[in-house]
1. Kindly provide the set of residues from the stretch 36-47 that are crowded, with 24+ Cβ neighbours inside 10 Å and in contact with a helix residue (DSSP H, G or I) (Cβ under 6 Å, 6 or more places away or on another chain), ordered by number.
2. From the list GLY64, GLY10, exactly one residue is at pLDDT 95 or above and on the phi > 0 side of the Ramachandran plot. Which is it?
3. Looking for something outside any strand (DSSP E or B), among the hydroxyl-bearing types (Ser, Thr, Tyr) and within 26 Å of LEU108 (Cβ to Cβ) - is there at least one such residue anywhere in the stretch 238-261?
4. Among VAL315, VAL252, VAL248, which is farther than 30 Å from ARG56 by Cα and not small (Gly, Ala, Ser)?
5. Determine, yes or no, whether VAL183 is within 16 Å of the ligand (Cβ to nearest atom), β-branched (Val, Ile, Thr) and at pLDDT 95 or above.
6. Sort through LEU151, LEU155, LEU108 and tell me the only one that's assigned by TED's automatic domain parsing to the domain that holds GLY25, more than 16 Å from the ligand (Cβ to nearest atom), within 22 Å of TRP21 (Cβ to Cβ) and of a type outside the set (D, E, K, R).
7. Under 6 Å by Cβ, and 6 or more places apart or on different chains, what pairs join a residue from the stretch 31-59 that is in a loop (DSSP other than H, G, I, E, B) and among the acidic types (Asp, Glu) with one that is within 16 Å of the ligand (Cβ to nearest atom) and at pLDDT 95 or above?
8. Could you list, in sequence order, all residues of the stretch 206-220 that are away from the ligand (no atom under 16 Å from the Cβ) and touching a residue at least 40 places away in the same chain (Cβ under 8 Å)?
Amino acid sequence: MHEHFIDIPGRGTGTIHRLTWFSFGGGNDGPHVYVQGGLHADEGPGMMVARLLIDRLIEEERAGTILGRVTVVPAANPLAFGQFLHGDQQGRFDYYDGRNFNRDYPDLSAKAIAIIADTLDDDAQANADRIRRALLEALETDLPSAPSDRLRHALMRLALPADSVIDLHCDGEAEVHLYTQPVSLDRMLPLAALARCRAVLVADVSGGEPFDEAVTRPWGAIAEAFPNKPIPQGCTSCTLELRGRMDVDREVGAVDAEALVDYLRHVGVLVGQPTIPALSCEPTPLAGSEALVAPVSGLLSYPVPLGKHVRAGEVVAEITDPVTGSLHPVRAGTSGVFYARPATRIAEVDKRLGKIAGSHPFRDGPLLSP
Ligand SMILES: [Zn+2]
């Protein structure tokens, strides 16, 4: 295990934010998997699991079972660890400009295509190596000045060499669920099965340029630009949502970390062949995921538990006016698993009240929460 640091100059005089990352293995016998937690710095479960994964990988290293490479960034957002409002960690949006730390990652496709030019041949593996180098070169053509963009740049530099990228997040309260793209789906389904995901949400482009899509998308664009050359999908990725913000638990985290260890075995990074359980859900389109919205303000309660398969028309949430006592039911517009809801119980108008993984696409435009 090697520990590494990247220092990101802060916006204010004398401030520096230190990003710490860990690497395991270095041989070329197996693939390279990248795992990060805490890109949203107020989401603890992913950081716990990433750290417990490091502890497990130290054991695997001692046992001599690491074939490939693993990069782990257990606390990916040192900028936001300094953001508090009235005693609460604020980790989703940059206080300086309000931007979501998991949006606005650069699309390197055009720059990489220009760098690649006519260097590809008929060897798919050699092409993949060239493309990986071109993507890193494309990234390095622009070193941004804003600290949050420097962080984006640093995380992409660590993730672009990997064959698989797993970004650990959580919701307010949620069942385990996973976001991925069609090109990554086959390689991420075993992880969804091992992590017992109750929803797998698939979108080619979910909008806003999140981290996971930024590392996979150029491969498709490059393959389109050079249709006569063999070009594999050299990177697959997902965002794995490990329940809700309160679900920081060493025991549960150890089970999740073991699921990641089994996934690393499955893809050949570690020695061993794990049993992949049956999927706990069928993948559904992200465009079919309904975000329930509060039509009125009031006290929020839920007559149905998370994880329930609800039917269109079923009351999923209730809003009680604390002054008049009036009750406003909020009904599901689609049938599917009720997989996420906020961690608070007071609703303002337009508050997002929950998410239902429907199987029929009905939305377009940006598909993720702000
Ligand atoms: Zn998040």
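The values are calculated or read from the model by the stated rules, or taken from the named source; none is laboratory data. Computed from a predicted model, the values in this text were never measured in an experiment. Here the Cβ positions follow ideal geometry from the backbone for every residue, glycine too, while neighbour counts run over all protein chains shown.
1. Hits for the stretch 36-47 are GLY37, GLY38.
2. Details: GLY10 fails: on the phi > 0 side of the Ramachandran plot.
Answer to the check: GLY64.
3. Step one: list which residues in the stretch 238-261 are outside any strand (DSSP E or B), which gives 245-261.
Now restrict to residues that are among the hydroxyl-bearing types (Ser, Thr, Tyr): none.
Within the stretch 238-261, none of the residues are outside any strand (DSSP E or B), among the hydroxyl-bearing types (Ser, Thr, Tyr) and within 26 Å of LEU108 (Cβ to Cβ).
4. Working: VAL252 fails: farther than 30 Å from ARG56 by Cα; VAL248 fails: farther than 30 Å from ARG56 by Cα.
Going through VAL315, VAL252, VAL248 in turn, the sole match is VAL315.
5. On the way: within 16 Å of the ligand (Cβ to nearest atom): no; β-branched (Val, Ile, Thr): yes; at pLDDT 95 or above: yes.
No; evaluated as a whole, the condition is false for this residue.
6. Values: LEU151 fails: more than 16 Å from the ligand (Cβ to nearest atom); LEU155 fails: more than 16 Å from the ligand (Cβ to nearest atom).
Step by step, each of LEU151, LEU155, LEU108 is checked, and only LEU108 is assigned by TED's automatic domain parsing to the domain that holds GLY25, more than 16 Å from the ligand (Cβ to nearest atom), within 22 Å of TRP21 (Cβ to Cβ) and of a type outside the set (D, E, K, R).
7. Matching pairs, first to second residue: ASP42/GLY91; GLU43/HIS169; GLU43/CYS170.
8. First pass over the stretch 206-220, keeping only residues away from the ligand (no atom under 16 Å from the Cβ): 215-220.
Selection gives VAL215, THR216, ARG217, PRO218, TRP219.
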